[in-house]
Amino acid sequence: MKIALALPEDLPKLLAFRQEAADWLSKLGTDQWSRPYPADRLLATIKSGTVFMVLDRETTVATITLTPDAEDGLWTEQELSEPSLFVNKLTVSRTHAGQNLGGHLLDWAGDRAFQGGAKWLRLDAWTTNEGLQRYYLGQSFEHVRTVREGAAVNGGPRVSGWVAQRAARPCDHGFVDETPTPASPT
């Protein structure tokens, strides 16, 4: 399998991919990703060069966004001063579930963060999705805190405020990496 940058023409594929994940999450009883992701926001992230796709014989089987930009209100000023990359929208196709593809993708992200000079690989997860939180803990992430206030939508409670991190480190992720050399995080 190879990993490559997503291109603007991949937008419909990635939107459909996210919908597949939302449908699966709904069947598990969570409302995570129940609102459609705005196409214009996804296109902007693709154009910024932070969206990556895992391809198995030219079929997209996973995607991840890896960015130096933290979600507002989740990390302290001290934490934000440390070089970090942030994982967003990690999604694995149901056709490839159970193969630890997500774990390999997190290893790739940690390796990429390390290569770019980051100290940490960080993420936030849906506050009520305890299964996802256990998954990240099983992938060597350490829970930092759960932020419940400060949601950007309608002043309600934050829905994705469980934050975790692990040290950026070199990893043998197993992908053929067709991405450009990582830039240093801010």
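Every number in this text was worked out from the coordinates using simple rules, so none of it is lab data. Remember, predicted model here, so these are calculated numbers, not experimental data. Virtual Cβ from ideal backbone geometry, glycine too; neighbours counted across all protein chains shown.
Overview of values
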quantity: Test: residue in the stretch 115-128 that is without any contact (Cβ under 8 Å) to a residue 40 or more places away in the chain and not aliphatic (A, V, I, L, M); calculated: yes
quantity: Number of positions in the stretch 49-63 that are of a type in the set (A, V, I, L, M, F, W, C) and within 14 Å of Arg112 (Cα to Cα); calculated: 2
quantity: Qualifying residue in the stretch 40-51 (condition: out of contact with any strand residue (DSSP E or B) (no Cβ under 9 Å at 6 or more places or on another chain), of a type in the set (A, V, I, L, M, F, W, C) and either over 24 Å from Gln19 (Cβ atoms) or assigned to a strand (DSSP E or B) (or both)); calculated: no
